[in-house]
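First the structure, in the form of structure tokens, and then the observations on it.
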Amino acid sequence: MSDPMRIRAQSAGDKATVRVLMSHEMETGLRKDGAGKIIPAWFIQEVAAQLNGKTVMTAQWGPAVSKNPFLQFSVKGAKAGDKIAITWTDNKGDKRTDEATVS
Amino acid sequence: MLKTLSLLAMAVLSTAAFAQQKSAADGIAEYRAMLADGNPAELFEARGEDLWKKKRGPKNASLEQCDLGKGPGVVKGAFVELPRWFADTSKVQDLESRLLTCMETLQGLDAKAIAATPFGKGEQVGMEGLTAWISAESKGMRFNLPQSHTQEKVTYELGKRTFFYRAGPYDFSCASCHAQAGKRIRLQDLPELTKNPGDGVGFAAWPAYRVSSGEMWSMQRRLNDCYRQQRFPYPGYASDVTVALGVYMGVNAKGAQSVAPALKR
């Protein structure tokens, strides 16, 4: 199965900065392996962020995003103790959700 | 007070001048600083820590009793004192070769087969994580390789000879690229490895995550690539010659602060 994400969320003033590291191959579908065969595309298609269960951001991603992607965004109104959950879905239908507490 | 103020003013002035003449190297440093915040090496660290504690192999044992030089199971600070001499194997070993020993003696895995596995495949994937995590446990500490044992001194001399050994179709040696200050290949600064090149440079910057290929490279893989670039035959994984080069660079880097696992272009 996929490895867990590393999520850090730090509040400052009326917003919190969230930093996420995801573990994913992010194959574009354009590369070839040693035998000359195309490596099938395998990348994250959708990323969603939830603050205390309420969706605050969704993003559509494509094959142009790097391997092991890093994502940073800020959430208005997030305070220390709030829960931030990140979910990604890839083109194979695999899903992963990880949660972190705002500090 | 006045003196401090004028000094401060000078400092501000010089930074301003510096900003105007931003060199390519500064640009790269800035790019690295931006990336360092989310170094994917962290993902490998997490994997390595799990693997260290996981019971595996024919003997169904974890690596937690592995002696990295500071006693069985002591990981913190071990990385900045490697390679060193080990009494049980009567050999000078670096991190990777020591891990192979532990995997064989504790877990019953085949060290030879692991050493022969290509980078990034099979058991070598686990090694990436292990080296990332173990080096991270010594992050910020300063290199202090022991040189008290005769074999450690002999290995240093062997490393030195290897470093200056010119051969191959290009008549190259490690020293061709790494024995002068202020040299670079394209935009890549070349560390001077015959002395301490500074904190977090050269030996003190590996293992590292390479952004361009999305791979975690240990010192062994880095040396393997140096040999490729010199058009030398590939050295064996965790072989004596690679350990000797590690001793040479590590002893020279005495006092340098380790930033491993680092982030590379």
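Some notes on this structure:
- Some residue of the range A:22-34 being among the aliphatic types (A, V, I, L, M), within 14 Å of chain B (Cβ to nearest Cβ), outside any loop (DSSP other than H, G, I, E, B) and within 12 Å of the chain's Cα centre (by Cα): no
- Filtering B:Lys153, B:Lys183, B:Lys160, B:Lys139 for residues that are charged (D, E, K, R) and in contact with an Asp or Glu (Cβ under 9 Å, 6 or more places away or on another chain) leaves a single hit, B:Lys183.
- Checklist (1) surrounded by 14 or more Cβ atoms within 10 Å (Cβ to Cβ); (2) within 14 Å of another protein chain (Cβ to nearest Cβ) applied to A:Ile39, failing item: (1)
- Of the criteria (1) basic (Lys, Arg); (2) more than 14 Å from chain B (Cβ to nearest Cβ); (3) free of Cβ contacts under 8 Å to residues at least 60 places away in the same chain, which one A:Lys67 fails: (2)
- Looking across the range B:155-177, the residues that are among the aliphatic types (A, V, I, L, M) and touching a residue at least 40 places away in the same chain (Cβ under 8 Å) come down to B:Leu158, B:Ala167.
Let's see how each residue does on (1) under 23 Å from B:Ala208 (Cα atoms); (2) among the aliphatic types (A, V, I, L, M); (3) exposed (fewer than 14 other Cβ atoms within 10 Å of the Cβ); (4) in contact (Cβ under 8 Å) with a residue 60 or more places away in the chain:
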| position | (1), (2), (3), (4) |
| --- | --- |
| B:Ala36 | yes, yes, yes, yes |
| B:Leu63 | yes, yes, no, yes |
| B:Ala78 | yes, yes, no, yes |
| B:Leu95 | yes, yes, no, yes |
| B:Leu99 | yes, yes, no, no |
| B:Thr105 | no, no, no, no |
| B:Asp110 | no, no, no, no |
| B:Phe119 | yes, no, no, yes |
| B:Met127 | yes, yes, no, yes |
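- Pairs where the first residue, in the range A:11-28, is farther than 17 Å from A:Gly81 by Cα and the second is acidic (Asp, Glu) and outside any strand (DSSP E or B), C-beta under 7 Å, 6+ apart: A:Leu21/B:Glu42; A:Ser23/A:Asp3
- Residue check: B:Gly168 meets all listed conditions (1) within 14 Å of another protein chain (Cβ to nearest Cβ); (2) more than 26 Å from B:Ser97 (Cα to Cα) but one, namely (1).
- Taken together, the residues in the range B:32-59 that are at pLDDT 75 or above and farther than 25 Å from A:Pro4 by Cβ amount to 3.
- Which listed residue, of A:Thr17, A:Thr55, is in contact with a Ser or Thr (Cβ under 6 Å, 6 or more places away or on another chain) and either away from every other protein chain (no Cβ under 14 Å) or part of a strand (DSSP E or B) (or both): A:Thr17
- For the range B:188-210, the set of residues classified as under 18 Å from B:Gly129 (Cβ atoms) and part of a loop (DSSP other than H, G, I, E, B) consists of B:Trp206, B:Pro207, listed by residue number.
- Members of the range B:33-82 found to be assigned to a helix (DSSP H, G or I) and more than 14 Å from chain A (Cβ to nearest Cβ), listed by number: B:Trp52, B:Lys53, B:Phe79, B:Val80, B:Glu81
Yes or no, residue by residue, for (1) at pLDDT 90 or above; (2) within 14 Å of chain A (Cβ to nearest Cβ); (3) farther than 28 Å from B:Gln124 by Cα:
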| residue | (1), (2), (3) |
| --- | --- |
| B:Phe164 | yes, no, yes |
| B:Lys183 | no, no, yes |
| B:Asp189 | no, no, yes |
| B:Val201 | no, no, no |
| B:Gln220 | yes, no, no |
| B:Asn224 | yes, no, no |
| B:Phe232 | yes, no, no |
| B:Gly250 | yes, no, no |
| B:Ala253 | yes, no, no |
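The values are calculated or read from the model by the stated rules, or taken from the named source; none is laboratory data. Everything numeric in this text was worked out from a predicted model, so none of it was measured. Glycine also receives a Cβ, built like all others from the backbone with ideal geometry; neighbour counts cover every protein chain displayed.
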